[in-house]
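Presented below is the structure to which this report refers.
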Amino acid sequence: MNRTTLSLIAGVTALAAVTGFAAMSTPDAGATDEPARAAAHLPVERTSLLCPQPSSSDLAETAYTSFTPVTEGAKGEGRAQLRPATQAPEPDGKGEEDEGGDEGGDEGEKDATDENDATDENDEKDEKDGGGGKEVLRPGKPGTPVTGDVSGGEAPALIGTAEGSFAPGWTVQQTTEVTVGTGRGLHGVTCTPADTEFWFPGASTGEDRTDYLHLTNPDDAAAVVDIELYGKDGALKTTVGEGITVRPHSAEPVLLSTLTEEQQTDVTVHVVVRSGRVGAAVQALDDKLGGDWLPASADPSGSLVLPGIPEDATAVRLVAFTPRDADVDLTVRLASPSGLISPAGQETLHVKGGMTAAVDLGDITRGEPGSLVLTAPDGSVPVVAAVRVLRGKGEKQESAFIPAARPVGDRSTAVDNTAKGTTLAVTAPEGTAKVEVTASAGTKGGTQASKTYTIKSGTTQHIDVPAPTGVKGTYALTVEPEAGTPVYASRTLTATESGVPFFTVQPLVDDRGTVAVPEAREDLSVLQR
């Protein structure tokens, strides 16, 4: 028998062996036909947040508040830190001022008194330093909020990371009070994760406004960003809006009026990150009407909710934009405490494709809390929107912004609340909903308290927050809706300075405490494909 015949016999024998193994190893047919199981929701193990530079005013007083809700199933150990955006992390992921961050992770084993004492010592150092290069605060163990303060206009943007038990739902609030000058008022913003696209309807390049777009890059590589501006007649001609480079671990404030020669009262800003990712927020400063942060609107959609217009609003201005070429007539309704109503004479807003539209709604709330509900016919044309809200009269007016918000989701957290200066507004535009609201212990003591509320379909309710027993300092609020009905919410902080009603409004969004993890199982049938 020649060598060729032997090779052929060997090849056939090997093929038969492989085929036989595959046949014997084929999974049961029923196994592959089983319906896919729902993904498990597990606590996240790492969270990143970005806080913009709070103010350039020498008179600015800024408070940072950090809080992580207690999450079942979270890892028992962890750490969190906030570091200046100008400070690059070391190769192992620790910042140059990371020593305190390690201590923050260990404090999960300490009691609240020890923790707050350590934080107070840190705060004193930061106040002397003005926030330059030192820890702003040392995040506390889950369930206990911690605060830190900085003064003046030199405080930098911050990059925050939390791991382990500190990560699920980690929330940081930045609240700045400026008593005089352009933009005087209360400026509040919730620190957010990095992303690649943002919409800001409600900005301005007008003569009385000084609006800055703050870009923060948390990564090791530079980010390249394009900024597009849209006014009442369409896209504005910009001079340096394309290819803006944001260096690694740094922040870049961009004055919008330097991007174009056109002065327009109502402008929509579109931020597209060409490479990398950034955090973005607009700080809107008015010469006469105060100022606040304008957070990004929810993604373009045919149905939008702008939650929590204060009951004592003296003027409300709605700004909307559609990126589509098609025009749309938005239906405008107010979710009041008694239900959905259409404001007389302002039932619709015509928005031309690619152009920013605006309308003054006056004192639309009429002494009651409310939320705007905007819908496009059949949801066919996506829109972004925001409102500017004024409180006060004459020379004692203050402004804040409420963008279209995403639903609360599984759980949302708001921090830096006080017993008398906090209002929580919740709306359920599509059906009756139940929400559980929990107030944490305070930064200086107290015991948490919880209560469940029913929000009737189509209404907005101001919730009487269950204040923690013996609360001292500020506390956190977590809102957890029952599954099935979308719920939208916002939190308003108020203060009075020289007769001016300072205030700021932050929509509540899912705090990203859990992530869906699909179930995986062995499937040998892939070997036959």
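Hey, can you rank 136-148, 433-445, 360-372 by average C-beta count inside 10 Å, highest first? Present the calculation step by step, with values, prior to reporting the outcome.
Numbers: 136-148: 24.8, 433-445: 21.2, 360-372: 19.4.
Highest mean packing first, the order is 136-148, 433-445, 360-372.
Sequence-distant or interchain residues sharing an amide H contact under 5 Å with Val254, placed H: which?
Leu213, His214, Leu215
Give the separation of the Cα centroids, segment 177-195 to segment 365-386, in Å.
First find each Cα centre; the distance between them is then 25 Å.
Determine the distance separating the Cα centre of segment 344-360 from the Cα centre of segment 259-328; give it in Å without decimals.
Segment 344-360 and segment 259-328 have Cα centres spaced 14 Å from each other.
Relative to 2.2 N^0.38 Å, what does the C-alpha radius of gyration of segment 240-359 come to as a ratio? Two decimals please.
Details: Rg = 17.1 Å, N = 120, 2.2 N^0.38 = 13.6 Å.
For segment 240-359, the normalised Cα radius of gyration is 1.26.
Expressed as a whole percentage, what fraction of the accessible surface of segment 178-295 belongs to carbon and sulfur atoms when a 1.4 Å probe is rolled over the protein heavy atoms?
Working: 2120 of 4600 Å².
With neighbouring chains kept in place, the figure for segment 178-295 is 46 percent.
So, how do all the Cα-to-Cα distances of segment 209-295 break down into 5 Å bins, in percent, from 0 on up?
Final binned percentages: 3, 14, 25, 23, 18, 11, 4, 1, 0.
Whenever you get a sec, compute what percent of the accessible area on segment 330-478 sits on carbon and sulfur atoms (1.4 Å probe). Intermediate results must be reported in sequence, preceding the final value.
Numbers: 2770 of 6020 Å².
Using a 1.4 Å probe with all protein chains present, segment 330-478 comes out at 46 percent carbon and sulfur.
The values are calculated or read from the model by the stated rules, or taken from the named source; none is laboratory data. Just so it is clear, the structure is predicted and the values come from calculations on it, not from any experiment. Backbone-built Cβ (ideal geometry, glycine too); neighbour counts: all protein chains shown. Surface accessibility is based on the protein's heavy atoms, side chains included, excluding ligands, DNA and RNA. Shrake-Rupley method; radii C 1.70, N 1.55, O 1.52, S 1.80 Å.
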